[in-house]
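Have a look at the structure below before the remarks.
The values are calculated or read from the model by the stated rules, or taken from the named source; none is laboratory data. These numbers come from a predicted model, not from an experiment. Quick reminder, even Gly has a Cβ in these numbers, built from the backbone with ideal geometry, and neighbours come from all protein chains shown. We work out accessible area using only protein heavy atoms, side chains counted, and drop any ligands, DNA or RNA first. Shrake-Rupley method; radii C 1.70, N 1.55, O 1.52, S 1.80 Å.
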Amino acid sequence: AARDGFAELFFTPEAEAWHAGVVGAPGAQPKPRPTDQEDMLSRGPLTVDISLPASEATVQFCSQVCAEAADMWLGWMQTCPPLPAGMKVTSTYARDTKLRAQ
């Protein structure tokens, strides 16, 4: 499936280590996993859904994490192979059709 190919390209050991560091940060409390099927389907393996204590250190941590996530995403966008012509539209249509049918 498409997600298997994405795992090889994007969910690298480095990305998983970054994720583990974020969700395992001091004071981080994981939020309950969603039970809504649409929400569960739209989350990826690197989803970060945590609560942190209100402090200046937390604001700095979140700012750093957002910058790192943006850098990671930009790196993926610059290095991943382009989709074949028409595949992006077709995959989006297939995904949307599946979600609407539920």
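What the table shows:
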quantity	calculated
Members of segment 1-35 found to be assigned to a loop (DSSP other than H, G, I, E, B) and of a type outside the set (Lys, Arg), listed by number	Ala1, Phe11, Thr12, Gly24, Ala25, Pro26, Gly27, Ala28, Pro32, Pro34, Thr35
Segment 36-50 - residue that is in a loop (DSSP other than H, G, I, E, B) and acidic (Asp, Glu) and, of those, least open to solvent (accessible area, probe 1.4 Å)	Asp49
Segment 4-28, residues that are of a type outside the set (A, V, I, L, M, F, W, C) and farther than 14 Å from Cys62 by Cβ	Asp4, Gly5, Glu8, Thr12, Pro13, Glu14, Glu16, His19, Gly24
Segment 51-61, subset open to solvent by 80 Å² or more (accessible area, probe 1.4 Å) and assigned to a helix (DSSP H, G or I), residue farthest from Phe10 (Cα to Cα)	Glu56
So Gln64, is it surrounded by 11 or more Cβ atoms within 10 Å (Cβ to Cβ), free of Cβ contacts under 8 Å to residues at least 12 places away in the same chain and more than 15 Å from the chain's Cα centre (by Cα)	yes
Per-region count, segment 1-35, residues loosely packed, with under 12 Cβ neighbours inside 10 Å, at pLDDT below 85 and of a type outside the set (A, V, I, L, M)	6
Qualifying positions in segment 68-93 - surrounded by 10 or more Cβ atoms within 10 Å (Cβ to Cβ) and at pLDDT below 75	Leu83, Met87, Lys88, Val89, Thr90, Ser91, Thr92, Tyr93
